[in-house]
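Right, one structure below, let's go through it.
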Amino acid sequence: MKILMVDVDGVLIHGRPSDGLPLFTYLERDLGLQLDVLQEAFFKTYWRDIVTGRDALEPRLAEVLGTIAPHLSARTLIDYWLENDSRLDHTLLDDLAALRAEGTQMFLATNQEHLRAGYLMEKLGLSARFDGIFYSAALGYQKPAAEFFQLATEKVGIPADEIGFIDDVEANIEAARQFGWKAKQWTSGMRLKDAIAAFST
């Protein structure tokens, strides 16, 4: 394995920094917006295009909030969103750093829109820990689409069977394996060495 691809949400990041709860747990209390209303008006309607780079987050969110929560700006909600979905798994980060020090290249492979991808790399400092990021809004496809894995493989320029991958979603693992990556589904309490050992089984 020359390269390890690492998923973000559910693997490297787990919810709110203070307690690990889902990021919108206290959305209504904190910002006066009901989550089910946001889900229906925004995520169900627009998220697929946003996360694959066909629409922009902030202007679309501003338009929706103008209808469902005129008291709330898109920038305020985005900042709240980013800050409350940033609890890093430092044990995993340390294990990844040790593997990287031995010569394995590290990339994030994740379904993200552009603003959060930038936040992950710059604000959370992951650009210092990874050699790059492959994300859905930049590639135009989201996992588990085969095109996601194809484009990421083409960009790193090595054979698919020399790429390892950890992700918490079974469908993504199956898609990666079908493309030729060595993949292991990440579960709570797992250590990196156990996932890597599974690549050879």
So how do His114, His90 line up by other beta-carbon neighbours within 10 Å, fewest first?
-> His90, His114
Could you tell me the distance between the Cα centroids of the range 147-163 and the range 45-85, to the nearest Å?
-> 31 Å
Using Cα positions and a limit of under 28 Å, work out the lysines in reach of Lys2, with same-chain residues fewer than 8 apart set aside.
-> Lys123, Lys143, Lys155, Lys182, Lys184, Lys193
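If each residue's Cβ is checked for other Cβ atoms within 10 Å, how do Val64, Val11, Val37 rank with the fewest at the top?
Values: Val64 19, Val11 22, Val37 15.
By the 10 Å Cβ count, ascending, the order reads Val37, Val64, Val11.
About its Cα centre, how strong a charge dipole does the chain have in debye, to the nearest 20, once Lys and Arg get +1 and Asp and Glu get -1 at the Cβ? Please list the in-between numbers first.
Details: 20 positive and 30 negative charges, 56 e Å.
About 260 debye.
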At most 15 other Cβ within 10 Å, DSSP loop - GluC sites (Glu not before Pro), the range 99-201 | Glu102
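Quick check on the range 1-83: take the gyration tensor over C-alpha atoms, sort the square-rooted eigenvalues as a ≥ b ≥ c, and tell me if it's rounded (a/c under 1.5), prolate or oblate.
Numbers: a/c = 2.47, a/b = 1.42, b/c = 1.75.
Verdict is oblate for the range 1-83.
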Between Gln39 and Met1, what is the spin-label point distance in nm, taking each point 7 Å from the Cα along the Cα→C-beta axis?
-> 3.4 nm
Leading residue at positive end of dipole, the range 15-55 (Cβ point charges), from Leu31, Val51, Ser18 = Val51
Springs between alpha-carbon atoms under 10 Å, Gaussian network over the chain: tell me which of Leu120, Leu27, Leu12 tops the mean-square fluctuations.
-> Leu27
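Taken together, the values in this text are just the output of simple stated rules run on the coordinates, not laboratory data. Source: prediction; values computed, not measured. Backbone-built Cβ (ideal geometry, glycine too); neighbour counts: all protein chains shown.
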